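To keep things clear, I will list the structure first and then write my remarks on it.
The values are calculated or read from the model by the stated rules, or taken from the named source; none is laboratory data. Model, not experiment: these values are computed from the prediction. When we count neighbours, we look across all protein chains shown, and the Cβ atoms used for this are built from the backbone with ideal geometry, even at glycine.
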Amino acid sequence: MACAIALSVVCYPSNAFYPESVQSAVNGAAIEVNNETVNETPNDSLNKKDAIADTVVLARAFANDDFGKYQIAVLSRALEVTSEFGELNISLHPQPMSQSRQMRSLLEGSADIMWSVTSKSRERKLTPIRLPLLRGYSGHRVIVVNTEKKAQFDGITSLESLKEKQFVQGADWPDLKILKANGFGVVSEDWSTWFRSMYLLVERNVVDGFPRNIIEIHSDIQHFDNNELAIDKNHLITYPNYEYFFVRSDKQQLANRIRLGLIRLIQSGELEEIFYSIDTHLLANDLLNDPKRQVHELNNPLIPGPLNYADWVKTPQLAVKAIELEMGYPSLAIDVND
């Protein structure tokens, strides 16, 4: 079901996202499309204030314009608020790809940055920017079911009964291993655009459901507009799970610049503003705080450990201190050329 789509490079100038117009930023109001070739070995210098703008390449999962607009807006603003280190443009990798292929593109040098949920393995191979972009919401999942099977989930009152159902997850998603480690019956499915292959398994009753994170579920359902698919209203599966920016391991100056930018966005309150400017984030809050749902808490053996600052809206000072510690020195005294 996977398809390869050849696209021209999409460049997002870092100064295209303005603090006074966050909504237009996440809607991609200042996107320039061109046919220039992606630079596979972008310059790593951060101190060329008067030089021609460098380019960093961002790996991605979809060709769809809406997917990732939040992450792109955050990255663009993080680069813009650190403009004293030079102008950096963001070019999307011309090929949408699975998470494992995105990792390979960074390891092989054809891309510089990606975003995905973290794991010990990913943190060993790449440089993680340990700020959960989605405030830990990636670990909160509701179940997409076939409308014919909705009633089967109404009578489930325990985690053990829920584990008797057969679910599907992406073949290269850490969530597949997490669910298996917690005793769920779950099958893997290869990546496809808009995860069509996963939803087909639900639609055709091959599996009982598809646990999908609360951030992305509404976009998926709206995209498919399929009367045979529904969101179960009874259950919320939750485990510590964090989505980070990952940077090529040989791009430490770039990693520190992004960290510094995120600190400034947290301190100014703009990061929270960008987060809440996304409609699906507001809908995710409704799912998370629905008192009618049974909450099933799982362990995540794939991460180094839970974070006490994952929800940086509620714990901004803890988040700033954690990023400063990751950089090795206080943000006010940072010199990314060290």
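Values as computed for the structure displayed
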| item | result |
| --- | --- |
| Hits in the range 294-308 (condition: without any contact (Cβ under 8 Å) to a residue 60 or more places away in the chain and in contact with a helix residue (DSSP H, G or I) (Cβ under 7 Å, 6 or more places away or on another chain)) | Asn308 |
| Answer residue from the range 239-264, given it is under 21 Å from Pro316 (Cα atoms) and of a type in the set (D, E, K, R) and is nearest to the chain's Cα centre (by Cα) among those | Glu243 |
| So Met114, is it surrounded by fewer than 24 Cβ atoms within 10 Å (Cβ to Cβ), outside any loop (DSSP other than H, G, I, E, B) and of a type outside the set (Gly, Ala, Ser) | no |
| Lone qualifier among Glu243, Glu189 - being in contact with a Ser or Thr (Cβ under 9 Å, 6 or more places away or on another chain), modelled with pLDDT of 95 or more and not aliphatic (A, V, I, L, M) | Glu243 |
| All positions within the range 229-259 that are in a helix (DSSP H, G or I) and surrounded by 21 or more Cβ atoms within 10 Å (Cβ to Cβ) | Leu254, Ala255, Asn256, Arg257, Ile258, Arg259 |
| Among residues of the range 260-301, those that are surrounded by 15 or more Cβ atoms within 10 Å (Cβ to Cβ) and not in a helix (DSSP H, G or I), counted | 6 |
| Count - residues of the range 219-248 that are out of contact with any Asp or Glu (no Cβ under 6 Å at 6 or more places or on another chain) and either acidic (Asp, Glu) or within 19 Å of Ile72 (Cβ to Cβ) (or both) | 11 |
